[in-house]
Amino acid sequence: MDTLFTEWENAERNKVAPLAVRMRPRTLDELVGQQEAVGAGSWLRAAIEHDQLSSVILFGPAGTGKTSIAHVIAETTRATFVEVSAIGGTVSDLRREIDAAEKRLVMSGLRTILFVDEIHRFNRSQQDALLHAVEDRLVVLVGATTENPFFEVNSALISRSRVVELHALSDDDIAELVRRALEDERGLDGAYTLTDEALAAIVLLAGGDGRASLTTLELAAGMAGSGSRTAPAAVTEEMVRAATPHRSLPYDKNKDMHYDVISAFIKSMRGSDPDAALYWLARMIDGGEDPKFIARRMFIAASEDIGNADPMALLVAEAAFRSAEVIGYPECRINLAQAAIYLALAPKSNAAEAGIDAALAEVRRGRARAVPDHLRDRHRPGSENYGAYRYPHDYPGGWVDQRYLPDGLERGCFYRSSGRGWEAYRADAAARDHVEAREASRTEDTAAGAGEADAS
């Protein structure tokens with residue numbers, strides 16, 4: 001139960017709390033953005049308003065309001081709100097809170113809402129310790145995570161909870177947060193003004209992270225000196241940029257963002273967009289991604305998406321990988337960029353991938369097919385009965401019309417030229433060469449037949 005002493009403690013604590021903490025919303029109406037998750041008509045909003053919340057896992061990037069929603073629940077619910085740290089918390093801590101929750105429920109009918117921030121940091125045994133309590137509704141779990149819960153959270157917990165995804169805040173949402181913090185008595189209380197340019201800089205640097213925007217505002221305000229409602233201090237763009245000299249966009253080298261960005265990078269090269277390829281490459285470099293990981297993905301793309309439309313692409317990708325191994329950052333960024341641009345601009349063909357996958361499908365699911373006799377190894381007794389193998393180099397153009405596929409398969413069953421780049425050139429050239437070789441063979445056969453006739 002709160003007392004006057006508790007209120008005084010909270011007030012003293014708030015004096016030194018960061019601006020982002022002081023500005024946490026107290027009601028659903030104070031939440032900014034996330035209309036899909038907590039807007040009118042949403043499941044979560046109705047559950048909070050009617051105090052009928054069941055276990056929920058809030059999933060989204062940093063600064064999107066996960067902890068804020070949890071604190072709104074704490075402010076509005078009639079249940080006991082308990083917060084457990086996923087970083088320092090132990091199985092014993094969880095069991096103690098679960099036991100206390102069961103006693104409250106049995107003795108007074110009071111529910112317990114257990115908030116676990118960064119729930120993905122709980123190990124398997126810690127997550128397992130929650131299972132029976134969540135299943136029996138001894139506690140209502142509110143978990144928050146920046147990682148995809150379907151990969152990082154126990155599937156049994158997922159099945160007993162509702163997953164609500166939050167998204168990065170829009171520029172308008174960030175601007176609203178900042179303006180509110182400027183005027184609110186819990187925030188800067190009208191003691192500072194913000195130029196339009198300074199506001200735009202905060203929005204840009206925030207990158208959809210509400211907490212980051214308020215932190216930047218607080219740091220920039222500190223550079224402006226003391227102000228008051230009657231004589232507010234001006235916060236300029238220069239102060240904002242000095243307070244936050246480097247913006248790091250969200251990127252986690254081993255999690256969802258890592259895979260999302262590399263996927264965008266690959267698809268940009270496949271889509272022949274060098275600007276997009278460079279942007280996603282820059283996101284990875286700025287996020288500290290392993291350059292060899294980037295180069296390996298380009299190595300794959302060189303054959304998967306370009307193939308023989310431009311055989312040089314594979315060599316360029318190999319050189320990029322080698323540079324990543326030997327040179328490293330920061331210089332290898334140039335090598336990676338060169339290779340990314342080359343792959344983006346190269347003609348595209350997936351004939352190699354499609355061809356080998358089709359051949360593998362035939363091998364694995366088709367009938368067993370024998371090697372044609374004329375193609376079999378000749379280093380064994382009885383091979384003289386295998387039939388004649390026609391050596392291509394003995395014929396005009398180094399080619400002779402001869403069957404190489406086993407019975408039941410015909411040319412074109414696996415490989416289909418893309419009709420682009422070197423692949424198109426070789427397809428056309430080979431077709432011309434084969435026509436010429438057939439004509440030359442016919443001429444030789446005719447001449448040989450005439451010679452035999454003359455001899456007779």
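Here are the numbers for this structure:
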read-out: Count - residues of region 371-383 that are modelled with pLDDT of 90 or more and loosely packed, with under 10 Cβ neighbours inside 10 Å; value: 1
read-out: Val400, sole failed condition from (1) out of contact with any helix residue (DSSP H, G or I) (no Cβ under 6 Å at 6 or more places or on another chain); (2) surrounded by 11 or more Cβ atoms within 10 Å (Cβ to Cβ); (3) not hydroxyl-bearing (Ser, Thr, Tyr); value: (1)
read-out: Test: residue in region 34-47 that is modelled with pLDDT of 90 or more, farther than 22 Å from Asp172 by Cβ and not aromatic (Phe, Trp, Tyr); value: yes
read-out: Qualifying residue in region 419-426 (condition: within 20 Å of Tyr395 (Cα to Cα), of a type outside the set (Phe, Trp, Tyr) and either at pLDDT below 75 or surrounded by fewer than 16 Cβ atoms within 10 Å (Cβ to Cβ) (or both)); value: yes
read-out: Members of region 59-101 that are of a type in the set (Phe, Trp, Tyr) and touching a residue at least 60 places away in the same chain (Cβ under 8 Å); value: Phe59
read-out: Every residue from region 101-140 that is of a type in the set (Val, Ile, Thr), more than 32 Å from the chain's Cα centre (by Cα) and under 22 Å from Val153 (Cα atoms); value: Thr112, Val139
read-out: Contacts under 7 angstrom Cβ, first residue in region 362-375 being within 18 Å of Arg403 (Cα to Cα), partner of a type in the set (Ser, Thr, Tyr) and part of a loop (DSSP other than H, G, I, E, B), 6 or more apart; value: Asp373/Tyr386; His374/Tyr386; His374/Tyr389; Leu375/Tyr389; Leu375/Tyr404
read-out: Count of residues meeting criterion [within 30 Å of Ala282 (Cβ to Cβ) and aliphatic (A, V, I, L, M)] in region 337-383; value: 9
read-out: In region 84-116, residue surrounded by the fewest Cβ atoms within 10 Å (Cβ to Cβ) [restricted to those that are modelled with pLDDT under 90 and part of a strand (DSSP E or B)]; value: Ser85
read-out: Any hit, region 60-73, residues being exposed (fewer than 15 other Cβ atoms within 10 Å of the Cβ) and among the hydroxyl-bearing types (Ser, Thr, Tyr); value: no
read-out: Residue among Leu205, Leu194, Leu182, Leu177 that is closer than 21 Å to Arg241 by Cβ, in contact with a Phe, Trp or Tyr (Cβ under 8 Å, 6 or more places away or on another chain) and not assigned by TED's automatic domain parsing to the domain that holds Val140; value: Leu182
read-out: Qualifying residues in region 40-80 (those that are in a helix (DSSP H, G or I) and among the acidic types (Asp, Glu)) - the one farthest from Leu130 (Cα to Cα); value: Glu49
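The values are calculated or read from the model by the stated rules, or taken from the named source; none is laboratory data. Here the structure is a predicted model, which means the values were calculated and not measured. We place every Cβ from the backbone using ideal geometry, glycine too, and count neighbours over all the protein chains shown.
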